[in-house]
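Enquirer: Please find one structure pasted underneath; my questions will follow.
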2 protein chains.
Amino acid sequence: MTLALDSAAQDLLFHAAHTANSFTDEPVTEEQMQAVYDLIKMAPTAFNQSPLRVVLVRSAEARERLVPHMAEGNQAKTAAAPLVAILAADNEFHEELPVLFPHFPQAKDVFFGERPVRERSAELNATLQAGYFLLGIRAAGLAAGPMTGFDHAGVQKEFLDDDHTPLMIVNIGKPGADAFYPRSPRLSFDQAVTTV
Amino acid sequence: MTLALDSAAQDLLFHAAHTANSFTDEPVTEEQMQAVYDLIKMAPTAFNQSPLRVVLVRSAEARERLVPHMAEGNQAKTAAAPLVAILAADNEFHEELPVLFPHFPQAKDVFFGERPVRERSAELNATLQAGYFLLGIRAAGLAAGPMTGFDHAGVQKEFLDDDHTPLMIVNIGKPGADAFYPRSPRLSFDQAVTTV
């Protein structure tokens, strides 16, 4: 028992979990997504900047607007998934810093006064939060199907604005028939980690 | 019970866990880091590209080389932490794709033949893996202290090479005295999530 995390949780989040490419019809509820968010919002970001913003694409009308922006190989599964989430970085996150980082409210201007600095920080930290989000979906007993194959400028124009940069789009639901590709190999510890 | 993840695991990874700024002297073992890696390597990346590379800074000599590159406010805690990890993106990850993505080995050239495309994909996916890594540290019953405040070019030159881009540096250990800042507020579900 080198890890403190119990083996059921290890399986749920990592070992037994698997990216899904098809889903059952079972809906993903607002209550489930709120529980996912309330879990993953606690994980760390720099200056607690919390730049991840999520657009849940629920209506048929919105789904119809989204699907044409997906890469061809991602269209059918995105059209059929019970729920689709657009994950984006808020490049104006610094407006929230006086509330989010109360022990140094000046951080808003001292560190993040310049837009290119904010964009870089927002992308890094929102992507960290995207990692938490994918594990949070699994924590709800659901499967995620994350995708970066879409027209980023098109999705930004259709669903976001100039201050919000799309990072990835995630299909969410219970895995359906033939949902999984075979498990691919991973790099070993010695391949990915060096010690100095 | 909206979440499938048990409440002990929720606390260990999210609710009770906290970024640490000081640590006890208890060492972090190679066995612990191997268990962390073998857990988090299973979480998803695009094309299973797995671009995260980790340099564990263990020796006193290497620590002395690292500390001057840290922002001033991060130097003392980085000098004192039981273990420090440099997380980096491998911009030449595509060389591993024929092994990592065996059902479409051509992905190496079809999707990732161009270096700027690889750099962008490596940064996004290694940052996702950095999120998994921070939760993996917590899964081992340890605390993480992630930092982006360091001279990135200096760390790259000292510990990496042109093909590896540093993303963040993480202090690792058991929390010490006064390890934590007060818990800061988080954005509510309605502030971070919209439904269309």
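The values are calculated or read from the model by the stated rules, or taken from the named source; none is laboratory data. Quick caveat, the model's predicted, so the values are computed rather than measured. No Cβ is skipped: glycine too gets one built from the backbone with ideal geometry, and neighbour counts run over all protein chains shown.
Enquirer: A:ALA130: more than 10 Å from chain B (Cβ to nearest Cβ) and either of a type in the set (Gly, Ala, Ser) or farther than 24 Å from A:HIS15 by Cβ (or both), yes or no?
Expert: Criteria not met by A:ALA130.
Enquirer: Among B:ARG63, B:ARG58, B:ARG53, which is in contact with a Ser or Thr (Cβ under 7 Å, 6 or more places away or on another chain) and either at pLDDT 95 or above or closer than 29 Å to B:ARG120 by Cα (or both)?
Expert: B:ARG58
Enquirer: Mind telling me which of the residues B:PRO166, B:PRO146, B:PRO185 ends up being at the interface with chain A (Cβ under 7 Å from one of its Cβ atoms), at pLDDT 95 or above and farther than 18 Å from B:ASN21 by Cβ?
Expert: Unique residue meeting the criteria: B:PRO185.
Enquirer: Follow-up. Those residues that are within 10 Å of chain A (Cβ to nearest Cβ) and without any contact (Cβ under 8 Å) to a residue 12 or more places away in the chain, I need them from the stretch B:93-103; list them, please.
Expert: B:VAL99, B:PRO102, B:HIS103
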